[in-house]
Amino acid sequence: MEVRIDKDFFLDGVQKVQGIAEAKGAMPILSHLLLTAEKDRIGIQATDLEVGSKGYYSANVITEGEVTLSAKKLFDILRELPREEVHLTKEDNHWVRLKCGKSKFRLPGMPSEDFPPFPEFSQESIMELSSKLLKEMIRKTFFAQSPDETRQVLNGLLLEQDNGKIKMVGTDGHRLAIIRRDLGDSSKGEKWSHLIPKKALAEVMKLIEEEEATFSFSAKNNHMAFMQGDQVIVSRKIDGKFPNYQQVIPSDNKLQVNISRDMFQRALKRVALLADEKSKMVRFDIQSGRITLTTDTTELGEAREEIAISYSGEDVSVGLNAKYVLDVLSVIDDEEVVLNLKDEKSSCLITSKGDKDYQSIVMPMRL
């Protein structure tokens, strides 16, 4: 195999897939990338057996062939090279020679036949989304999924299509985020839902560069794929039943507090500095014309901040995890947010004036 390729193209391709390669897995080959030279392009592929990614890039292929190279080492080298053409040559015993300008490297590879085959996926799209919309949906729900690896069904996001609408939902059992958007003409009609692992979603986010580009989504057996141009990410679905999220969305939180997102975010960040390290609880006292945020811990001390609001309903107090509330505020784009409350034992529904189709729920804590 011998190939010449623009350094920036090569680096871009490696950067898009190298996060999937496992640095310290049980199979050393999974820490490598598979490079395939064919016709006038080079394919760059990575897998961890759960998620696989592959992309093609224009190249001057002198001799076709395949090599595998350490993802980390190749990425580190390409990042430091000058902006010139990279000349890659495969030698005996899977060694690879790499030249760029006056820089020369010789790297050990592994047998390309040991690299796991790319999982079969359907190229038949069941949904198409603009990059801009897909990015917004992931960004506004990603934070709500569970970090607990033992609760697999909560380790990803639910993607659901029904009646021309697409929904994405994340929850960890203590909070929930849901976004609904209208698909319009790009809806394929039938109802379906799939649980997508967080690693696959993180890799999809890396592919999103141009907001006008279109992603196609397909599902076949236990694999699903996100396809965009010459790039594809294939992932296993998460098996299991996602919680009934509709039950959790409160319908009778009649107390509505309108508040400036920016002012609220800044005040909550300050007060949360003295919140209990484990619970992150802040007390919210809401009265006519004001909201008071308070933390009081024996070890750290106390903090208190008052914000003027336009509110004339009944007094209500609730304890909430400050980090959970700040996570929501960081993804809402509108200037004004709405806290929908009922009492101290009921969850807080956070929405915004300009987007009724994005909702986030934070469960209460005992005061």
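Computed quantities for the displayed model
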read-out: Neighbour-count order for 212, 302, fewest beta carbons within 10 angstrom listed first; value: 212, 302
read-out: Computed E for residue 279/residue 130 - FRET, C-beta separation, R0 35 angstrom, nearest 0.05; value: 0.30
read-out: Residues residue 333 and residue 76, FRET efficiency given R0 of 45 Å [Cβ-Cβ distance, rounded to 0.05]; value: 0.80
read-out: Under 17 Å from the Cα of residue 198 - lysines, other chains or at least 8 residues apart; value: 16, 135, 140, 167, 206, 237, 241
read-out: Residue order, fewest to most surrounding Cβ atoms within 10 angstrom, among 36, 150; value: 150, 36
read-out: Computed [θ] at 222 nm, deg cm²/dmol, the chain (DSSP H ≥ 4; -39,500 (n - 2.57); rounded to nearest 500); value: -5000 deg cm²/dmol
read-out: Size of electric dipole in the chain: Cβ of Lys, Arg +1 and of Asp, Glu -1, about Cα centre, debye, nearest 20; value: 440 debye
read-out: FRET efficiency, 1/(1 + (r/R0)^6) with R0 30 Å, evaluated for residue 202 and residue 353 via beta carbons; value: 0.45
read-out: Residues of segment 310-336 with amide N under 20 Å of the 7 Å Cα→Cβ point at residue 262; value: 310, 326-336
read-out: Neighbour net charge for residue 27 - beta-carbon separation under 12 angstrom, K R +1, D E -1; value: -2
read-out: Segment 109-182: C-alpha gyration tensor shape, a/c 1.5 cut-off, then a/b vs b/c; value: oblate
read-out: Additional length obtainable on full extension of the chain from residue 247 to residue 150, 0.36 nm per residue less Cα span; value: 32.6 nm
read-out: Contour excess over end-to-end distance, with Cα ends at residue 118 and residue 106 and 0.36 nm allotted per residue; value: 1.6 nm
read-out: Fully extended contour minus Cα-Cα distance, from residue 181 to residue 63, at 0.36 nm per residue; value: 37.7 nm
read-out: Nitroxide proxy distance, nm - points 7 Å out along Cα→Cβ at residue 230 and residue 298; value: 6.4 nm
read-out: GNM flexibility winner over the chain from 145, 123, 18 (Cα, springs under 10 Å); value: 123
read-out: Residue range of the chain that is longest and free of trypsin sites (Lys or Arg not before Pro) which are both DSSP loop and sparsely packed (at most 15 other C-beta within 10 Å); value: 279-344
read-out: Ranked 68, 214, 63, criterion: other C-beta atoms within 10 Å, fewest first; value: 63, 214, 68
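Every number here is computed from the coordinates shown, using simple stated rules; none is lab data. Computed from a prediction, not measured in an experiment: that's the story for all the values here. No Cβ is skipped: glycine too gets one built from the backbone with ideal geometry, and neighbour counts run over all protein chains shown.
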